[in-house]
Every structure is written in C-alpha cells, then in structure tokens.
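Inspection log for the structure reproduced underneath, given as structure tokens.
Read the figures in this text as sums done on the coordinates, not as results from a lab. Bear in mind the structure is a predicted one, so any value in this text is a computation, not a measurement. No Cβ is skipped: glycine too gets one built from the backbone with ideal geometry, and neighbour counts run over all protein chains shown.
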Amino acid sequence: MRVETISGAHNWKLTYRLLPEGAEVLRAVTCDAAAALPGEAGGAPVIELGDHALAPDAPDPAGETLTIMGGPDNGVPWDNRALRALTLPAGLRRVGNYGLYGCSALKTLRLWDGVEFWGGGALMNCSGLDTLVIHDRGRGEETLAYFADELSRELDATLLSPDGGALRLIFPEYTEIYEENCPAHHFDYTIDGGGYGYHHCLRGRRLRPAEYDALWPAFLRQEHDPACALRLACCRLRYPVGLTPEAEAAYLAELRGRTAEVVRYLAEQRALEGLGALVRRLEPDRAELSAACAAARELGSAEALAPLLEEQHRRFSSGAARTFDL
C-alpha cells in the first residue's frame, strides 16, 4: 500500500484503486464544510466512486492512500459530517451503492453530467440536499431527472451550458404518505403538496419548459408554500428559457404586490442582476416600493437598494428626492 500526502485546495483523505481507464475512489473523507473532490488520484482521472465512498460511518477499505492538505482541520473530525457543499469531479462516470449515504449536512451538490450510473441508495439520508448545480455538456437534463425523481423535497436546480447560459428551476416539495387501513387490511397512499408533477415532468428524461410551466395553475390551486411559489416565479422570469408570453404573465401576476419579498429573496441569493427591470414589470405602488427599499436597507444591500431608489425617483420623484441615499 502506498501512502502519499500532497497539498491542494481542500482537505481530503482518499483510499483508491487504479482501474484500466482511471481511478476509483473507495473512500473519501474531509473535515471541510465546502470541498471539491479531486479529479485525479495516483496520476489517473477519478472516474468512479465506490460503494459507501462518502458515507460518514463506512469502514476504511484496503487500497492506496492519498492525503490532500488544503489547510488546518481546526479540530473538525474527518468524517464528512460537516460537509455542506460538495463538487464532484468532471470526469466522474459512476457512483456506487450508497455513495453519499448519510451525508445529512450536505446542502449543495455541484457536478457534471457524465455520471452514467447511480447506485441504489446513493442519496439516501442526504436529508439537507436541496441545491444542485449541473454543468450540462449534453446530458444535463438526464442528470436533473435522476435527482428530481429521487428527492421529493424542494429542489433549486441550475443547468449551466458550455456557452455560459443558465437555466434555474425550482421543484416544489411533495410528500408521499402511506397510512394503514386496518379494517380493510391495506395501506392508503396519498400525495401531499403540489410538487409531485414538477418532480416527474421530465418525461423520457427530457426537459420541456412548456410542460413545466403548464403545471403552474394547478400548483397554485393546491395547498402550497407561498414562499416557494415566489421562488419558482422569480427563477422562471430571471431565466426565461422557453418561456411563453402567457406563462410570463402568470408568473408576474403571482409576484405583483410582493415586491419587498422579491427583493429580499434575490438579495439573500445575491442574484440582483436585472432587478430594476423586474421591479418595473411588477409595477409596485409608492407604498410597496418604499417597503422594498426598507427591505434592502435592512439587509444592508446597496446593490439592491440602488435600482429601487432609481425606480422610486423615476415614478415618484417628488417624494423620492429626500430619501435618495445608500
């Protein structure tokens, strides 16, 4: 067994084996809260994650060992329990059974679309995972379909294309409930929440924006989280791939009267490009625009406040002159 220690961007302890076409990471643990799994081990590209590779409680397998030091561990255990944001290698092709099992703190996963096989239970007990960033090289929709099918919680998913374009979608949460019906000796199955259709709208593992948007009226008629509806509408308006004028009008209708909430959400996301144009389309009245300015000030976001003050001055100049400050 060869033991090697090198410097790198993040802290990792890897156990791996060499395959004919690359390396399989059998075990990978970090003490970092955000880390990118190395794309190379033993001089070969990482193409596979083994069974239970990142599971916090998995035993250490036999294999070559590589330690990568990106900084001090600050006394944090090397067991992935603190891992909140993970980037998988661009060349990864396979994730084994229970590959990420039990990474309960993991919230954000960034990956490329080259993974052709996801093992059983690969995402089991990843109870915090709700944000995906997928680098789309032609199979991004297939990767998105896998996660949408596997996870019933609200998902914030972004597809990044090689030309710099992006599509960001919200998949609302739903819950599947099985209740025992003792007199009839069977279980009753119900679905709670308006997200089921969204999570299963990628028929044939292809995304059709018109079919996604067509779910909106039914979603609003069901019991739903208004904050989720706001997030969904904001994302579709900011990333309008395939957005029809009819769908655009429906999303704008949901956001009108909620300008302060929109500003707060986008400021917290640091997604303020085009905020001024969006605010103009929402046509807030004086009181609503003032509330939006107050929200931006409360968050300490000068970047959000500037276009709001500009819109306030443009539409209500007599009352805005005294408050045009950052």
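One compactness figure for the stretch 107-251 is 1.12, namely its Cα radius of gyration divided by 2.2 N^0.38 Å.
Tally the DSSP beta bridges in the chain and give the antiparallel ones as a percent, rounded to 5.
50
Listed by Cβ neighbour count within 10 Å, with the fewest neighbours leading, Leu308, Leu252 appear as Leu252, Leu308. Is the shape of the stretch 30-186 best called rounded, prolate or oblate, per the rule: a/c under 1.5 gives rounded, else a/b larger than b/c gives prolate, else oblate, with a ≥ b ≥ c the square roots of the Cα gyration tensor eigenvalues? Since a/c reaches 1.5 but b/c is at least a/b, the shape of the stretch 30-186 is classed as oblate. Neighbour counts of other Cβ atoms within 10 Å put Phe171, Phe316, Phe219, Phe187 in the fewest-to-most order Phe187, Phe316, Phe219, Phe171. Longest stretch of the chain clear of exposed loop sites (trypsin sites (Lys or Arg not before Pro), DSSP loop, at most 12 other Cβ atoms within 10 Å, sites excluded): 3-205. Ranked by how many other Cβ atoms sit within 10 Å of their own Cβ, fewest first, the residues Trp112, Trp78 fall in the order Trp78, Trp112.
Please state the relative contact order of the chain as a whole percent: Cα pairs under 8 Å, 6+ residues apart?
So the answer I get is 9 percent.
Please work out whether the stretch 1-123 counts as rounded, prolate or oblate from its C-alpha gyration tensor, where a ≥ b ≥ c are the square roots of the eigenvalues and a/c under 1.5 means rounded, while otherwise a/b larger than b/c means prolate and anything else oblate? Rounded, since a/c falls under 1.5. For Thr67, the residues whose amide H sits under 5 Å from its own are Glu4, Thr5, Ile6, Leu14, ignoring neighbours fewer than 5 places away on the same chain, with H placed 1.01 Å from N. Just checking the listed ones, His52, His199, His313: in the Gaussian network model of the chain with Cα springs under 10 Å, the one fluctuating most is His313.
Working note: Cα gyration tensor of the chain, eigenvalues times five, square-rooted, sorted largest first, giving semi-axes of 41, 27, 18 Å. For the stretch 19-105, the Cβ-based charge dipole about the Cα centre amounts to some 260 debye (Lys, Arg positive; Asp, Glu negative; other atoms uncharged). Shown here for the stretch 6-114: GluC sites (Glu not before Pro) in loop regions (DSSP other than H, G, I, E, B) with at most 12 other Cβ atoms within 10 Å, namely Glu21.
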